[in-house]
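Below is one structure, written out as C-alpha cells, with a few remarks after it.
The values are calculated or read from the model by the stated rules, or taken from the named source; none is laboratory data. Just so it is clear, the model here is predicted, and its values are computed rather than measured. Glycine also receives a Cβ, built like all others from the backbone with ideal geometry; neighbour counts cover every protein chain displayed.
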C-alpha cells in the first residue's frame, strides 16, 4: 500500500445457490502512521548548497513526540558525517 494517504473502494458481490444476490461496498483509507516527505533537485554540481524543506506527517489520532535527526555527509575522499542536526517535535493529529 502507498505510504501517503490513499483510498481504495472495496466491493463484494455475493450470489447464493437459490439465486439471491447481495452487494456491499466500503472505502478503505490506508497510510503510514507517520512519515516524512521531501523533494531533492534533479541535478546538482559539486559545491552546490541547497535548502531542503522537510514535511513530517502524523496520521495518528493523538499527539506524538518524535525525534528528527538529519545528517550532513560527504562521499569524497571517503564517506563521513560532517554535521548532525537533531530536534524533538510534538506532532498534532
Just checking, how many residues over region 23-57 are touching a strand residue (DSSP E or B) at 6+ places or on another chain (Cβ under 8 Å), surrounded by 10 or more Cβ atoms within 10 Å (Cβ to Cβ) and farther than 20 Å from residue 6 by Cβ? 1
In region 54-71, anything more than 16 Å from the chain's Cα centre (by Cα), assigned to a strand (DSSP E or B) and more than 18 Å from residue 81 (Cβ to Cβ) is listed as 65
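Rundown of residues vs (1) part of a loop (DSSP other than H, G, I, E, B); (2) at pLDDT 90 or above; (3) in contact with a helix residue (DSSP H, G or I) (Cβ under 6 Å, 6 or more places away or on another chain), yes/no style:
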| site | (1), (2), (3) |
| --- | --- |
| 18 | yes, yes, no |
| 28 | no, no, no |
| 42 | yes, yes, no |
| 49 | yes, no, no |
| 52 | yes, no, no |
| 86 | no, yes, no |
| 89 | no, no, no |
Kindly evaluate residue 74 against the criterion of being surrounded by 10 or more Cβ atoms within 10 Å (Cβ to Cβ), in contact with a strand residue (DSSP E or B) (Cβ under 7 Å, 6 or more places away or on another chain) and free of Cβ contacts under 8 Å to residues at least 60 places away in the same chain. yes
